[in-house]
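The values are calculated or read from the model by the stated rules, or taken from the named source; none is laboratory data. Since we're looking at a predicted model, the values are computed, not measured. For neighbour counting, all protein chains shown are included, and Cβ atoms are generated from backbone atoms with ideal geometry for every residue, glycine included. Protein only, heavy atoms only, side chains kept; ligands, DNA and RNA dropped before computing areas. Shrake-Rupley method; radii C 1.70, N 1.55, O 1.52, S 1.80 Å.
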Amino acid sequence: MYNFKEVEEKWQEKWDGDEHFKAIDFHPTKPKYYVLYEFYNVSGNLHMGHLKGTVPADALARMKRLQGYNVLFPIGGDAFGLPAENAALKTGINPKDFVAKGMKNVVNQSKKLGLSFDYDRTIATSDEDYYKWTQWIFLQLLKNEKAYKEKGIVNFCPNCKTVLSNEDSQDGICDRCHGKVVQEDRWVWYLKMKEYAEKLLENVDRIDMSENLKESQRNWIGKKEGYEIPFEIVDEEGNHLGVENIFTQEAYFLPGAAYLSMAPESRLIEKWMEKVANSDQVKEYKKQASFRSAMDRMTKTKDTTSCLVRGIYAINPFTKKRIPLIMTDSILATTGTEMGIPAYRQKHQEMADQYGILPQYITAPEFEGDAETSKKWQQEFTKQLIDSGLAKKSVSYKMQDWPFNRQRYWGEPFPVVFCPECGTVPLKEEDLPLTLPETNDYKPREDGSSPLSKITDWVNCKCPKCGHDAKRETDTMPNWAGSSWYWLRYCDPHNPNQLADPEKLKYWGSVDCYTGGTEHITRHVLYAFFWQNFLYEIGAVPTRDPFKRKMGSGLILDTEGKKMSKSSTNGVSPMEVIDKYGCDAARLHIHFLGGYEDNTAWTYNGINGITGFLNKVWDLQDIVQGEEISDKHAQALEELTKKVTSDIEALKLNTAIASCMGFVNQMKRDKYITKEELRRFLILLNPLAPHITSEIYEKTFGENILDAEWPKEDQKNQSVQMTNIVICVNNKKKFVVPCPKGLSKEQLLDYLALQDDINAFLSNLEAQNIYHVPDKMINIVTKKNVYEKK
RNA sequence: GCGGGUAUGGCGGAAUUGGCAGACGCGCUAGACUUAGGAUCUAGUGUCCCAGACGUGCAGGUUCAACUCCUGUUACCCGCACCA
């Protein structure tokens with residue numbers, strides 16, 4: 001009987017610090033392979049999702065090593081940011097200590113999952129010698145004008161001391177504490193991500209990833225092709241105030257534009273507020289609208305509100321008529337200004353009626369014509385508008401620039417000071433890292449400013465440019481910052497002089513397979529594309545693509561079909577499963593439940609099938625007979641090799657496990673397995689169930705399985721290969737006959753003619769047509785006109 | 001609303017990409033060994049009017065051949081609706 005506790009402990013101890021798992025920079029002979037699993041969140045224990053997400057990556061890394069690759073398979077922790085800080089606040093432990101402890105914990109748990117990471121390269125985003133380079137990247141962004149600071153209005157809850165989204169502050173009430181929300185002016189650091197929209201779309205096209213994930217990313221970027229039309233803005237007296245560009249996909253409606261509608265957040269109105277006749281009303285409207293969630297504004301269109309802005313107007317560039325401006329919460333801040341065409345849009349008409357705005361009709365007979373004529377006119381008229389300079393082709397993106405600061409303690413400090421003489425001044429690169437000062441008072445402040453602003457020793461500094469008294473930026477970077485480049489650092493994790501040695505970056509190249517959850521597919525992965533593009537353009541990294549392939553791990557659901565997480569009460573811990581059934585069993589069971597990208601409901605049901613299988617594998621030792629591969633098993637072994645190799649490559653562990661089960665069943669039926677058969681089988685199963693296979697291998701062959709070589713398909717070994725040919729008549733199966741492989745249609749028919757019973761059957765048929773699929777089937781069509789159509 | 005994905009036995013899920021539908025496992029049924037069985041072994045297990053026919057959400061189509069391709073349709077899941 002297999003004692004998993006003893007065996008697994010033995011091997012995990014052996015693997016701790018094992019050289020086999022270490023990636024070697026510039027290996028002289030082996031080709032490289034880079035498998036990446038996403039950062040651990042360092043705020044708790046590993047959960048079932050990690051068991052599902054990491055094991056296939058581990059299996060891939062283990063197989064690649066056996067195949068003779070120099071594998072880089074690292075792990076690290078996303079240690080900065082809210083999750084760690086909140087957990088620290090809750091437990092009262094300093095975030096730094098909390099993170100140090102947390103990292104140790106998740107690393108230990110990883111080892112209990114049998115994960116073969118190169119632990120020497122483990123990094124955490126809150127390590128000083130790591131975030132030094134996060135800060136360095138920010139300096140490059142600033143230097144290359146990809147970072148800027150701008151004022152914006154946010155919802156702020158004085159009680160919770162946090163900035164709230166509209167979602168969390170419906171009707172001006174904080175979602176968490178039900179206190180009143182206030183509107184605050186804030187400086188926001190933005191990164192010019194929008195500028196990279198096209199490049200990100202190219203990254204999306206190039207990466208090997210499932211279509212629905214690609215669509216998620218494309219939706220997020222939200223590219224729309226249309227036209228931009230500038231409208232002049234004037235005051236009551238007709239003085240020119242500026243120009244408002246509207247975006248539309250139907251430029252030909254321009255003559256019908258009877259008003260412009262804009263989001264309550266409109267910057268235009270904000271800018272010209274002193275010209276607005278009803279500014280009190282407008283300001284109040286803006287405030288009310290800001291408390292409605294975007295979801296609410298989009299879906300509950302019946303509740304749409306609006307406010308006519310008096311005192312400033314737009315000029316329709318085609319009709320030259322003065323038209324009013326309307327704020328409405330049916331338009332979202334990111335949508336931009338739209339033209340209202342009440343003559344042709346029901347919703348617009350309702351809006352116009354409210355304010356007594358007359359519809360403007362388009363006076364072109366073709367426009368009213370049949371669909372084809374109308375469409376032709378639309379195209380021609382749009383062209384005219386472009387030719388006359390009234391409209392121009394334009395592209396709009398939903399994705400906005402990336403707001404890059406948080407009023408929190410636990411994050412990367414910005415390497416920037418504010419000097420009354422020189423303005424915003426970046427620190428010198430040689431002065432990095434700008435370390436996060438230690439404090440016990442890291443709770444968010446009453447007024448929502450960063451806790452760092454209280455540490456006056458740290459805040460007050462000298463301007464690096466002129467030496468004048470200056471102040472540091474007291475906001476910190478978001479937790480997405482550190483995770484936007486970490487795969488690069490793994491290539492050279494301890495380099496004190498560069499974010500990574502360019503030669504090492506070149507050697508390891510793009511990540512061959514990036515695994516992890518799909519919840520980060522829009523944000524994290526797009527940030528990753530953004531930063532790598534930027535770093536590539538400034539020559540800091542040799543490739544534009546961070547990842548060649550991305551596999552999104554499905555979720556583990558609980559019995560009610562909800563996402564299983566550490567917070568859910570019925571969440572089962574992987575450690576609990578390992579304790580009861582063993583690590584190999586836990587690894588196999590969870591992946592036998594479903595494919596890598598599928599959501600799977602956790603259940604213990606069926607785990608006895610897995611432990612039964614492992615016991616059968618163990619018992620193979622009792623039926624070893626003979627040395628070389630036997631003729632009887634040659635083909636099964638050959639097929640298993642092919643199947644397992646391609647399945648692990650594709651991260652389809654469920655079918656790899658199934659075929660291993662099938663193979664073991666056959667060995668049991670035949671009551672023997674030869675030494676060489678067992679050797680190959682153990683190597684094939686090793687990436688999936690590393691402990692038991694290591695033990696049997698050592699016991700039987702006296703060697704470490706990690707030194708073994710992955711079996712290759714070996715045609716020479718087989719004298720004759722047989723295959724089952726299905727014989728159909730009119731597409732109905734009649735016989736299944738074992739035949740040699742590789743026969744042509746004629747050879748096959750000759751071969752069948754040698755078999756009396758089949759020959760007797762076939763010779764009675766009047767074949768009209770014979771279809772042959774090599775090595776698979778033959779279909780004899782006898783009847784005429786069976787499928788004849790009328 | 002827009003876009004993407006999925007739909008196969010009692011259950012989880014296979015199907016080499018157009019070629020034996022239901023691999024593998026659970027569960028279930030019967031039997032063996034047992035004081036016992038939540039252990040092990042053996043056999044069976046898509047449905048039905050069972051020498052046959054029908055079966056991959058539903059309705060059509062293409063093909064010698066369709067889970068697979070095309071058209072339409074329904075249900076569910078995911079993304080977008082500034083938590084960036």
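Overview of values
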| read-out | value |
| --- | --- |
| The one condition in (1) within 16 Å of RNA strand B (Cβ to nearest atom); (2) without any contact (Cβ under 8 Å) to a residue 24 or more places away in the chain that A:Ile725 fails to fulfil | (2) |
| Which listed residue, of A:Tyr527, A:Tyr507, A:Tyr514, is in a strand (DSSP E or B), out of contact with any His (no Cβ under 8 Å at 6 or more places or on another chain) and touching a residue at least 40 places away in the same chain (Cβ under 8 Å) | A:Tyr514 |
| Residue ID - farthest from RNA strand B (Cβ to nearest atom), chosen from residues in the range A:488-530 that are charged (D, E, K, R) and open to solvent by 20 Å² or more (accessible area, probe 1.4 Å) | A:Glu503 |
| Residue in the range A:334-342 that is within 30 Å of A:Ala124 (Cα to Cα) and under 37 Å from the mean Cα position of the chain (by Cα) present | no |
| A:Glu128 being touching a Ser or Thr at 6+ places or on another chain (Cβ under 8 Å), open to solvent by 20 Å² or more (accessible area, probe 1.4 Å) and acidic (Asp, Glu) | yes |
| Per-region count, the range A:625-652, residues in contact with a helix residue (DSSP H, G or I) (Cβ under 6 Å, 6 or more places away or on another chain), among the hydrophobic types (A, V, I, L, M, F, W, C) and within 10 Å of RNA strand B (Cβ to nearest atom) | 0 |
| Extreme residue, least open to solvent (accessible area, probe 1.4 Å), among residues of the range A:59-100 that are without any contact (Cβ under 8 Å) to a residue 40 or more places away in the chain and closer than 26 Å to A:Asp18 by Cβ | A:Lys64 |
| Single unsatisfied condition, A:Leu682 versus (1) more than 30 Å from A:Gly582 (Cα to Cα); (2) more than 13 Å from RNA strand B (Cβ to nearest atom) | (1) |
| Selection within the range A:319-347 - at pLDDT below 85 and either within 16 Å of RNA strand B (Cβ to nearest atom) or not in a loop (DSSP other than H, G, I, E, B) (or both) | A:Asp329, A:Ser330, A:Ile331, A:Leu332, A:Ala333, A:Thr334, A:Thr335, A:Gly336, A:Arg345, A:Gln346, A:Lys347 |
| Number of positions in the range A:604-624 that are among the charged types (D, E, K, R) and within 12 Å of RNA strand B (Cβ to nearest atom) | 2 |
| Hits in the range A:746-773 - residues which are within 15 Å of RNA strand B (Cβ to nearest atom) and at pLDDT 85 or above | A:Leu748, A:Ile770, A:Tyr771, A:His772, A:Val773 |
| Long-range neighbours under 6 Å by Cβ, at least six apart or interchain, first residue within 13 Å of A:Cys660 (Cα to Cα) within the range A:588-616, second within 7 Å of RNA strand B (Cβ to nearest atom) | A:Leu588/A:Ile610; A:Leu588/A:Ile657; A:Phe592/A:Asn654; A:Phe592/A:Ile657; A:Phe613/A:Met661 |
| Restricting the range A:210-269 to residues that are charged (D, E, K, R) and in a helix (DSSP H, G or I), the residue that is farthest from RNA strand B (Cβ to nearest atom) | A:Arg267 |
| Any hit, the range A:181-190, residues being surrounded by fewer than 17 Cβ atoms within 10 Å (Cβ to Cβ), within 12 Å of RNA strand B (Cβ to nearest atom) and free of Cβ contacts under 8 Å to residues at least 40 places away in the same chain | no |
| Which listed residue, of A:Thr373, A:Thr363, is of a type in the set (Val, Ile, Thr), free of Cβ contacts under 8 Å to residues at least 12 places away in the same chain, surrounded by fewer than 18 Cβ atoms within 10 Å (Cβ to Cβ) and away from RNA strand B (no atom under 16 Å from the Cβ) | A:Thr373 |
| Of residues in the range A:698-715 being acidic (Asp, Glu) and not in a loop (DSSP other than H, G, I, E, B), the one nearest to the chain's Cα centre (by Cα) | A:Asp707 |
| Residue check, A:Ser261 hydroxyl-bearing (Ser, Thr, Tyr) and surrounded by fewer than 17 Cβ atoms within 10 Å (Cβ to Cβ) | no |
